[in-house]
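Since the structure comes first, as structure tokens, the remarks are kept for the end.
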């Protein structure tokens, strides 16, 4: 791999990782910083509101930046087929998680008996990782020779779709 391709790999991996990590940070509320605008105070990690509203957005952005920089740096050190397979695995896992989580919550809402375990995120996460591992293993190795540059568009668009899905309750109240 020459230097210019390492820059391209870094940029692609950073864009993909930033979008994916940002969605995870907003869903799990993982800010590195918490800003309290009413009192002008900044705290490390997640903190509850002190007086007035609290802003986690800056913390989510910083968490995403640090995570994406680390993952992009790692991506420049690994072979391209591994990177392609890792990105495909992550996308398959994300789609499987959305489908399985939605199905579990749908079944929970419609069930006539109490199925409390279906509300757990971990059940959907583990099942999605298993599905992604199986699908990644089945994918022909020819598809993983070079990193597909289309990931830089597909993953952020998918991340925005997931964010829109998560934010529906805020707009429908």
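The values are calculated or read from the model by the stated rules, or taken from the named source; none is laboratory data. Source: prediction; values computed, not measured. Positions of Cβ are generated from backbone atoms using ideal geometry, with glycine treated the same way; all protein chains shown enter the neighbour counts.
Residues in the range 19-55 that are without any contact (Cβ under 8 Å) to a residue 60 or more places away in the chain and either assigned to a helix (DSSP H, G or I) or on the phi > 0 side of the Ramachandran plot (or both): 21, 24, 25, 28, 29, 40, 45, 52.
In the range 109-141, of all residues being closer than 23 Å to residue 90 by Cα and not in a helix (DSSP H, G or I), the one that is farthest from the chain's Cα centre (by Cα) corresponds to 140.
All of 88, 17, 68, 72 fail the test of being modelled with pLDDT under 85 and surrounded by 14 or more Cβ atoms within 10 Å (Cβ to Cβ), apart from 88.
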